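A.B. asks: Quick one: the structure is below, questions incoming.
The values are calculated or read from the model by the stated rules, or taken from the named source; none is laboratory data. Given the structure is predicted, the values throughout are model-derived calculations rather than measurements. Here Cβ is always computed from backbone atoms with ideal geometry, including for glycine, and neighbour counts include all displayed protein chains. Surface accessibility is based on the protein's heavy atoms, side chains included, excluding ligands, DNA and RNA. Shrake-Rupley method; radii C 1.70, N 1.55, O 1.52, S 1.80 Å.
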Amino acid sequence: MPAAVIVFPGSNCDRDVAVALEAASGRPPAMVWHQESALPPSDLIVVPGGFSYGDYLRSGAMAAHSPIMRAVTARANAGTPVLGICNGFQILAEAGLLPGILMRNASLKFVCRDVDLRVERADTVFTSAYTQGEVLRVPVAHHDGNYFADPDTLQRLQDGGQIAFRYCDAGGNVTAAANPNGSIENIAGIVNAAGNVLGMMPHPERLADPLLGGTDGAPMFTALAEAIAA
Amino acid sequence: MKARIHITLKNGVLDPQGKAIQQALTGLAFDGVEEVRQGKYIEIELAASDTEAARAQVADMCEKLLANTVIENYDIEIVA
Amino acid sequence: MSNTEPRPEDLMGLSDGEYDTILDIMGRTPNFTELGIFSVMWSEHCSYKSSKKWLKTLPIDGPQVIQGPGENAGVVDIGDGQAAIFKIESHNHPSFIEPYQGAATGVGGILRDVFTMGARPVANLNALRFGSPDHPKTRHLVGGVVAGVGGYGNCIGVPTVGGEVNFDPSYNGNILVNAMTVGIASTDKIFYSAAAGVGLPVVYVGSKTGRDGIHGATMASAEFADDADEKRPTVQVGDPFTEKLLLEACLELMATDAIVAIQDMGAAGLTSSSVEMASKGDVGIELDIDRVPQRETGMSAYEIMLSESQERMLMVLHPGREDMARKIFEKWELDFAVIGVTNDSGHLTLLEGGETSADIPVPPLVAAAPEYDRPWTPTPPRPVINATEIDAPDDLGDVLTALIGGPELCSRRWVWEQYDHMVMGDTVVRPGGDAALVRVHGTGKGLAMATDCSPRYVFANPIEGGRQAVAEAWRNVTAVGATPLAVTNNLNFGNPERPEIMGQLVGSVQGMGEACEALDCPVVSGNVSLYNETNGSGILPTPVIGCVGVMADVAKAVTSEFKAVGETIFVIGETQGWLGCSLYQRHMTGDVAGAPPPVNLEAERKNGDLVRHLIADGVLTACHDVSDGGLAVAITEMAMASEASEKGAEIGAEINISPDIATHGWAFGEDQGRYVVTSSAPEAVSAAAAAAGVPARAIGMTVAATLTLPSTRPISVAELKALNERWLPDYMAAG
């Protein structure tokens, strides 16, 4: 079954992620408009990056209440893999599918550049093509990527192994200098307790084509394509 | 009637924008600015006529959309 | 003329003579609304009245040109049934008053100019000029403008891939914010503004109209006095989210055959869009003002016609298609209103409460727009300065580190990391090099693009400076391997009523025209911004060029950073050591003096054609054009851009020749028409250059970690990089 990409007014990485999914799986995903109330049959749901509703009020807040998000929540709870990238991560956090929230970058500035990420969990459906501790280079492009969770939540994330990616230097060291946005514990991506919902600020779909400067993001889509084809 | 809603960051949540404002004020020679916390102010015109019902409705709006209660508090004022 | 009524006290910026012409056209005293319409249509911004005479001399034709100047943007054929649509436009005055919103709405406006014509925007560029770093307003303006450019482009999801940022005290009271958009359309789906046909519905879509920016177009045509801060209420606020919806809705409607004509409401809003459509279509238009979607209450016809509220479009549809079009706009949650109809009256007629409240014949409103042959004096020629007339320090490395670590040549990373330069997934060459390269989605070909101007050269000699701006933009596009196709220009000058300023405009247009002609790169769109003066002190003449080129196979593109050690470094083009008007001269003497480097257009073309062929043949591994700071800076930039290898060392260079001219002139001379290239097949480079009759001199090799230039100590590339990256973030953080 094809993947489904949710499109909100103001989404702008919907096409980029569709290109990466099609390159990996050989077939285009279904693009689902936010006002739909039901999802087509699909084994993977992607909530793409962008500025849904202009990021007015709070990033992701209004999209989290779109009609389609009820269906996404139901499917997530039933175990379907859901990947939220950048604004998609913000939406999943606002929708309560992932704990914590993405706040304004500590620099107060939008930041667009390649960052190094350390893979903290290689046993999820999203990260199975990587090895634990591997360092990936993928870009970030956001204004509100500063991950925050209260101490109890953070403890639960750590205890439950829910931290999927951390910002690090090229050698894999998690340092303050390698943190592009002030995220607590250098957190770049987390999964829910069941491991089937991943939210991440970096854009793996942007470095999945050698002509664009790197392919470290491609294995995520290849792994997902294999998982949903199986 | 009208609802006036102030949304503020909870104590202990880092407020980089507030910090930047504080630094700017200090830079402009306003002495003694000890802390700045910034938030949002929202006005809503309501058809409701009962103050308490209006307050309950707006509280629901805050819980569901207007505030993110992970990091934000809200304060509602209803004016006729 | 028989009109005996006293003339209004406020002519809204019109001259007495212009008012007399209006009385002739109308045959009566115009009412307030009508006078407002004449005022904006005849403003410098809308009528180009000071520059038109000279703009007409520019080359605008070529086999690749589908649409030259006169529409919302220029259109160029890029093969395979596709067209590149692009334009550059200024938003200088609004950005000085409110930098974030001024810059943001500048980006929004130029995006609309491009998607109005049926193109999906694929890239934004800009050219920004600020006052001296020491000026108290500069830091605030840099921060606000950069955030505004990014805020709009990032949100709408169009990558900002290139541009320029420069500082000079002449911009202290008049910053320049020039924004450029490049879009791609099918050649059989290009939309124009002519409302041909009568009885057709005139449709308003987008945001509602408020009292934003009334008389913005006339503000753009006036000098600032010290009360510029008081002008804040006329600034518009941008809403990139709505523009994203408008973009998608327009492209969706354009895929049908419902649209006869479409025009964005930019400067002078509903007035200029309706007048353009009527004039180009040779029809009249009747607008029912009451039907215009309004955001505020109690707006007058004058305010509605002159509002510059953003994110709005005016369309003329085929009759019977209104409902289908309405459904598309309602899906995107945008206002849609039929506000008028075309007719055969030849007049623009406004209805209010069913009564006619304004009635202006369109042809004379457009045709009688003033065109001035303003007096001008040529810029006096300056003497040529020999390199030996300028001192040289013992170690040229000190000059190099000062230049690359200072405001002129420091890294602009702090700026472009605030721009999403990768969204849309086709950015092949990112910002920071010569030209950006954006792949045409779904194909292997790409568009290369760059903006350029060296105002200090233009000030010294407008003709050479005009040629140089075109040549450098052309060279930048060439340096990645693309074939330049056409340019767009943004002419930023001071007060044209001063003959010496007018002389700068005339000279630089002449120089541009010569270069465009010689390089087969016609002008297809552009914008003029005059009166960039505060209290009689004008900006440096700044005719910015945006150049777009096409590349058949983006996989063959070459970037500027050194790739490997052990490769041969060549200079393509002739080095004479020209230090007049150079950054070296300014650093050493504190002055920009003498004649600027001349541009030999024949050599420019030959050198560029050679470089392009070498890239197509896969002979070059890196290529960088030589501009500000000369060879020493170009080579240093190629080293600084190189990636640290696994072992941690960047790639430097050892330049092992003894120049046959003064070493400081060789290192820092700004002779034109040159490139630094690297190759692992040096014989192939030499042979091709000899065959083409182009000077190509091997000057050294790439080596690990350090850079050694003639008369310099070896300098660590990592150290240079740190120095180069430090200035701008440190400057911005110091506020």
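A.B. asks: For the protein assembly as shown, build the charge dipole from Cβ charges (+1 Lys, Arg; -1 Asp, Glu) around the Cα centre, then report which of B:ALA56, C:THR138, C:VAL565 sits farthest towards its positive end.
C.D. replies: C:VAL565
A.B. asks: If you line up the long axis of helix C:269-281 against the longest principal axis of chain C, both from Cα atoms, how many degrees apart are they, to the nearest 10?
C.D. replies: 90 degrees
A.B. asks: Moving on. Let me know the mean shielding of B:55-66 by other chains, meaning the per-residue number of their Cβ atoms within 10 Å of its Cβ. Don't jump to the answer; show the numbers that get you there.
C.D. replies: Values: counts 0, 0, 0, 0, 0, 0, 0, 0, 0, 3, 7, 3.
So the per-residue partner count for this stretch is 1.
A.B. asks: Quick one: check the C-alpha center-to-center distance for the range C:292-345 versus the range A:52-102, whole angstrom.
C.D. replies: 34 Å
A.B. asks: Which of the GluC sites (Glu not before Pro) found in the range B:1-57 are in a DSSP loop and have at most 12 neighbouring Cβ atoms, other than their own, within 10 Å?
C.D. replies: Hits after loop and neighbour filter: B:GLU34, B:GLU35.
A.B. asks: If you roll a 1.4 Å probe over chain A with all protein chains in place, what percent of the accessible area is carbon or sulfur?
C.D. replies: Details: 3970 of 7680 Å².
Answer for chain A: carbon and sulfur cover 52 percent of the accessible area.
A.B. asks: With the alpha-carbon atoms as the only input, what is the per residue convex hull volume for the range A:72-230 in Å³? The partial results should precede the final answer.
C.D. replies: Details: hull volume 16.8 nm³, N = 159.
Here the figure is 106 Å³ per residue.
A.B. asks: Compute the Rg/Rh shape ratio of chain C: radius of gyration over Kirkwood radius, all on alpha-carbon atoms. Show your work: numbers first, answer last.
C.D. replies: Numbers: Rg = 26.1 Å, Rh = 26.3 Å.
Computed over Cα atoms, the ratio is 0.99.
A.B. asks: Next question. Only four residue types carry charge here, +1 at the Cβ of Lys and Arg and -1 at the Cβ of Asp and Glu. Report the dipole size of the protein assembly as shown about the Cα centre in Debye, rounded to the nearest 20. All intermediate terms of the calculation are to be shown ahead of the outcome.
C.D. replies: Values: 71 positive and 129 negative charges, 310 e Å.
Roughly 1480 debye for the protein assembly as shown.
A.B. asks: In the range A:1-109, which GluC sites (Glu not before Pro) are in a loop and have at most 16 other Cβ atoms within 10 Å, using DSSP for the loop call? If you can, show how the numbers build up before the last one.
C.D. replies: On the way: sites: A:GLU22, A:GLU36, A:GLU94; in loops: A:GLU36.
For GluC sites (Glu not before Pro) across the range A:1-109 that sit outside H, G, I, E and B with at most 16 neighbouring Cβ atoms in 10 Å, the list reads A:GLU36.
A.B. asks: Which is farthest toward the positive dipole end of the protein assembly as shown among A:GLY195, C:ALA387, C:GLY700, measuring Cα position about the Cα centre, with Cβ charges +1 (Lys, Arg) and -1 (Asp, Glu)?
C.D. replies: Of the candidates, A:GLY195 comes out farthest on the positive side.
A.B. asks: Taking only protein heavy atoms and a 1.4 Å probe, what accessible area per residue, in Å², does the range A:3-229 have with all protein chains in place?
C.D. replies: That works out to 33 Å² per residue.
A.B. asks: On a 0 to 90° scale, report how tilted helix C:32-41 is relative to the longest principal axis of chain C, with both axes built from alpha carbons and the result rounded to the nearest 10.
C.D. replies: 30 degrees
A.B. asks: Which of the three applies to the protein assembly as shown, rounded, prolate or oblate, going by the alpha-carbon gyration tensor with a ≥ b ≥ c and a/c under 1.5 meaning rounded? Don't skip to the end; give the middle numbers.
C.D. replies: Working: a/c = 1.57, a/b = 1.02, b/c = 1.53.
Verdict is oblate for the protein assembly as shown.
A.B. asks: At each listed q (0.13, 0.23 Å⁻¹), what is the log10 of I(q)/I(0) that the Debye formula gives for the range A:114-162 modelled as equal alpha-carbon point scatterers?
C.D. replies: -0.41, -1.04
A.B. asks: Let me check I've understood the local charge: for C:SER207, count other residues with C-beta under 14 angstrom from its C-beta, Lys and Arg +1, Asp and Glu -1. What total comes out? Can you show the working numbers first?
C.D. replies: Details: positive: C:ARG112, C:LYS208, C:ARG211, C:LYS244, C:ARG295, C:ARG312; negative: C:ASP212, C:ASP239, C:GLU243, C:ASP264, C:GLU296, C:GLU308, C:GLU311, C:GLU333, C:ASP335.
Value of the local net charge: -3.
A.B. asks: Hey, how many Å between the Cα centroid of the range C:369-408 and the Cα centroid of the range C:462-527?
C.D. replies: Taking the Cα centre of the range C:462-527 as reference, the centre of the range C:369-408 is 18 Å away.
A.B. asks: Right, something else. In a Debye calculation with equal point scatterers on the alpha-carbon sites of chain B and no solvent, what is log10 I(q)/I(0) at q = 0.11, 0.12 Å⁻¹?
C.D. replies: Reported log10 I(q)/I(0), two decimals: -0.39, -0.45.
A.B. asks: Quickly estimate the mean residue ellipticity at 222 nm for the protein assembly as shown, helices only: each DSSP H run with n ≥ 4 gives -39500 (n - 2.57), and the total goes over all residues, rounded to 500. Please list the in-between numbers first.
C.D. replies: Values: 31 runs with 325 residues, N = 1045.
Mean residue ellipticity, 222 nm, calculated: -9500 deg cm²/dmol.
A.B. asks: For the range C:1-95, run through the trypsin sites (Lys or Arg not before Pro) and keep only the ones in DSSP coil with at most 16 other Cβ atoms within 10 Å of their Cβ. Intermediate values should be presented prior to the final figure.
C.D. replies: Values: sites: C:ARG28, C:LYS49, C:LYS52, C:LYS53, C:LYS56, C:LYS87; in loops: C:ARG28, C:LYS49, C:LYS56.
For trypsin sites (Lys or Arg not before Pro) across the range C:1-95 that sit outside H, G, I, E and B with at most 16 neighbouring Cβ atoms in 10 Å, the list reads C:ARG28, C:LYS56.
A.B. asks: Related question: I want the local charge near B:VAL58. Using Cβ-Cβ distances under 15 Å, sum +1 for each Lys or Arg and -1 for each Asp or Glu among the other residues.
C.D. replies: Details: positive: B:LYS2, B:ARG4, B:LYS40, B:ARG55, B:LYS64; negative: B:GLU43, B:GLU45, B:ASP50, B:GLU52, B:ASP60, B:GLU63, B:GLU72, B:ASP75, B:GLU77.
Within the 15 Å Cβ shell, the charges total -4.
A.B. asks: In degrees from 0 to 90, rounded to the nearest 10, what is the angle of the helix C:240-254 Cα long axis to the longest principal axis of chain C?
C.D. replies: 70 degrees
A.B. asks: Between rounded, prolate and oblate, where does the range A:159-218 land on the alpha carbon gyration tensor, with a ≥ b ≥ c its root eigenvalues, rounded for a/c under 1.5, else prolate if a/b exceeds b/c?
C.D. replies: Numbers: a/c = 2.34, a/b = 1.23, b/c = 1.90.
Oblate, because a/c is 1.5 or more while a/b does not exceed b/c.
A.B. asks: Give me the net charge for the shell around B:ILE76: Cβ to Cβ below 12 angstrom, other residues only, Lys and Arg +1, Asp and Glu -1.
C.D. replies: Details: positive: B:LYS2, B:ARG4, B:ARG55; negative: B:GLU43, B:GLU52, B:ASP60, B:GLU63, B:ASP75, B:GLU77.
Residues near B:ILE76 contribute -3 overall.
A.B. asks: Over what distance in Å are the Cα centres of the range C:80-116 and the range C:647-695 separated?
C.D. replies: 38 Å
A.B. asks: Would you mind giving the mean number of other chain beta-carbons within 10 Å of the Cβ of each residue in C:423-433, as a whole number? It would help to have the intermediate numbers written out before the result.
C.D. replies: Values: counts 12, 6, 14, 6, 4, 4, 1, 6, 1, 0, 0.
For peptide C:423-433, the averaged partner shielding equals 5.
A.B. asks: For the peptides A:2-14, C:347-359, C:697-709, what is the packing order when you average, over each peptide's residues, the other Cβ atoms within 10 Å and list the highest mean first?
C.D. replies: Put in order of decreasing packing, that is A:2-14, C:697-709, C:347-359.
A.B. asks: Tell me, rounded to the nearest percent, the portion of alpha carbon pairs in the range C:654-732 spaced more than 15 Å apart. Don't skip to the end; give the middle numbers.
C.D. replies: Values: 2148 of 3081 pairs.
Across the range C:654-732, Cα pairs with separations above 15 Å total 70 percent.
A.B. asks: Relative to the Cα centre, what is the charge dipole magnitude of chain A, using +1 at the beta carbon of each Lys and Arg, -1 at the beta carbon of each Asp and Glu, and rounding to the nearest 20 debye? Show your work: numbers first, answer last.
C.D. replies: Values: 14 positive and 22 negative charges, 63 e Å.
For this selection, approximately 300 debye.
A.B. asks: Would you calculate the volume per residue, in Å³, of the smallest convex hull containing every Cα atom of the range C:621-685? Mind showing how you got there, number by number?
C.D. replies: Values: hull volume 7.3 nm³, N = 65.
Expressed per residue, the convex hull around the Cα atoms of the range C:621-685 is 112 Å³.
A.B. asks: Could you state how much accessible area is buried at the A-C interface, both sides summed, with a 1.4 Å probe, in Å² to the nearest 100?
C.D. replies: On the way: alone 9530 and 25190 Å², together 32260 Å².
Chain pair A/C: roughly 2500 Å² of buried accessible area.
A.B. asks: What's the magnitude of the charge dipole for chain C around its Cα centre, counting Lys and Arg as +1 and Asp and Glu as -1 at the beta-carbon? Answer in Debye, nearest 20. Could the numbers behind the result be given before it?
C.D. replies: Numbers: 49 positive and 94 negative charges, 229 e Å.
Its charge dipole is roughly 1100 debye.
A.B. asks: Name the long-range amide H neighbours of A:ARG166: under 5 Å, sequence gap of 5 or more, or other chain; modelled H, no Pro or chain starts.
C.D. replies: A:ARG118, A:GLU120, A:ALA188
A.B. asks: When Cβ neighbours within 10 Å are restricted to other protein chains, what is their mean count per residue of peptide A:200-207? Please list the in-between numbers first.
C.D. replies: Numbers: counts 0, 0, 0, 4, 0, 1, 6, 2.
If you average over the peptide's residues, the count of other-chain Cβ atoms is 2.
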